[in-house]
Structure formats: C-alpha cells, structure tokens
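Engineer: Take this structure, written in structure tokens, and hold onto it; I'll ask about it next.
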Amino acid sequence: MELARAIGEKIDRPVVIENIPFVGLIPALQSGRIDMVISSMTDTEERRKSITFSDPYLTVGLALLVNKQSGLVGLEELDQAGRTLVVRQGTTGEVWARSTLKQAKILAVERESSAVMEVVQGNADAFVYDQMSVWENARRHPDSTVAVLSPVREERWAIGLKKGNDELVVQVNNALRELKAEGFFNQLGKKFLSRQKADFEAQGVPFVF
C-alpha cells in the first residue's frame, strides 16, 4: 500500500485501495474497475496475454511452508507418492506445481489462509507460495510449520495494468525508477522486513531487495 501511495504522489493521482480476491484481479483490470494491481503479482508470459506489466520492482522466489512433522527438507522429498502440496488457485505456485510435480497430490484452494491451515492441520505436507508470505506464515505458526526459503523458482513482481493504457505504463515506470533512485525500497525493507532479512541470511538465501 505504501508503494501504491508513493506512485500516486509521483504521478499526481489519488489512490484508493481495494481488496479483491486474487483470481478477480485481472478481470477487474480488464473491466476498468481498477487501474493497477500491486499485490504480489508475478510477471508471466501467460498473464501478458491479458494485461500489461510495469518494469519489475522486486525479485522473489517460490518457497515452501512445510509441516514440521512431514520430514520434508526440500523439493526432492516432496514429489513422491503419498505427499500432498497445497496451492492457491490462480497463482504461479499452482502453475509451477502442475507443470513440475509428477507424483505428489496437488490440492488447490482459493484463499491463502485456507492453504496455510491445510499445512498446520497436517492435511498437506507443504504449501508453495512467495518467500515473504511463507516466512510470515511460519512465524505465525511456529509449533507446526517451518519456512524452507530456498526458492524452487525465482520470479519477478511487477505492477499489473490494463492493456492499451500506455500513458499510465510510462508514468508508473518513471515513478518506479525515481523511487529506486531515492532509496525508497531500501527504506521499506528496513521499516518492515528487518527480521525477514535476518532469517533469509541465516538460511543462506539472497534477500528480495
């Protein structure tokens, strides 16, 4: 939300934050209900068929939220008969799982919170999602889960925009370049993500900024 507001200031436009289910974000852009998506959205070729993306503003990986009793330490132990991976519908985690896993069962749910509870309750061995969310959910459920932060795939987050809105794309990209030059993202990291950065370093995983 701070990034959205900072961009709004740069391009001199008011910012209204709307909370929309993830699967509804692209349709909301296409219909003109919203102008931008800033919601952990990965820039993919498939999504580029429907919407336009800004320049990337963050590099992140897909990681695993693992049930402590599962014995999993990484991907090799996951893709086996009898294992279950939960994914969030419409995410790149689901796309990755369906194209990569050959033996493990894939359980798709709509909400992040539902996926997390499947792992917490032991119904799934792991949940594949972005590193930052995996870290946060492991912190919320330390007795039953652990974050395996080493990425199974690296991705880039970007701002989603409606196709044909070229003027806004240029404005947003200019704003992102200015914010990076001003150290905005480093400031965000220090403000919100200092603990995450330390835990990433402890696992020998490069931090997202």
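The values are calculated or read from the model by the stated rules, or taken from the named source; none is laboratory data. Keep in mind the model is a prediction, meaning the values are calculated, not measured. Because the Cβ atoms are built from the backbone with ideal geometry, glycine has one as well, and the counts that use them run over all protein chains shown.
Engineer: Show the residue pairs meeting these rules: Cβ distance below 9 Å; 6+ apart or different chains; first residue within the stretch 1-24 and surrounded by 15 or more Cβ atoms within 10 Å (Cβ to Cβ); second residue aromatic (F, W, Y).
Structural biologist: Listed by first residue and then by second, the contacts come to L3/Y57; L3/F184; L3/F185; A6/F184.
Engineer: Just wondering, is there one or more residues in the stretch 147-162 that are among the hydroxyl-bearing types (S, T, Y), touching a Leu at 6+ places or on another chain (Cβ under 9 Å) and either within 18 Å of T91 (Cβ to Cβ) or not in a strand (DSSP E or B) (or both)?
Structural biologist: Among the residues of the stretch 147-162, not one is among the hydroxyl-bearing types (S, T, Y), touching a Leu at 6+ places or on another chain (Cβ under 9 Å) and either within 18 Å of T91 (Cβ to Cβ) or not in a strand (DSSP E or B) (or both), which makes the answer no.
Engineer: With the requirement that a residue be touching a strand residue (DSSP E or B) at 6+ places or on another chain (Cβ under 7 Å) and either within 25 Å of V109 (Cβ to Cβ) or in a helix (DSSP H, G or I) (or both), what does the stretch 27-40 give you?
Structural biologist: L29, V37, S40
Engineer: Name the residues in the stretch 63-99 that are assigned to a helix (DSSP H, G or I), touching a residue at least 24 places away in the same chain (Cβ under 8 Å) and either outside the structural domain of W135 (by TED's automatic domain parsing) or among the polar types (S, T, N, Q) (or both), would you?
Structural biologist: Q69, S70, T92 - these are the residues of the stretch 63-99 that are assigned to a helix (DSSP H, G or I), touching a residue at least 24 places away in the same chain (Cβ under 8 Å) and either outside the structural domain of W135 (by TED's automatic domain parsing) or among the polar types (S, T, N, Q) (or both).
Engineer: Name the single residue that is farthest from I26 (Cα to Cα) among those in the stretch 163-187 being surrounded by 14 or more Cβ atoms within 10 Å (Cβ to Cβ) and β-branched (V, I, T).
Structural biologist: Restricting to residues being surrounded by 14 or more Cβ atoms within 10 Å (Cβ to Cβ) and β-branched (V, I, T), the top hit is V172.
Engineer: Sticking with this structure for a sec: Would you mind stating whether A108 is outside the structural domain of S40 (by TED's automatic domain parsing), closer than 26 Å to V23 by Cβ, in contact with an Asp or Glu (Cβ under 8 Å, 6 or more places away or on another chain) and in a loop (DSSP other than H, G, I, E, B)?
Structural biologist: no
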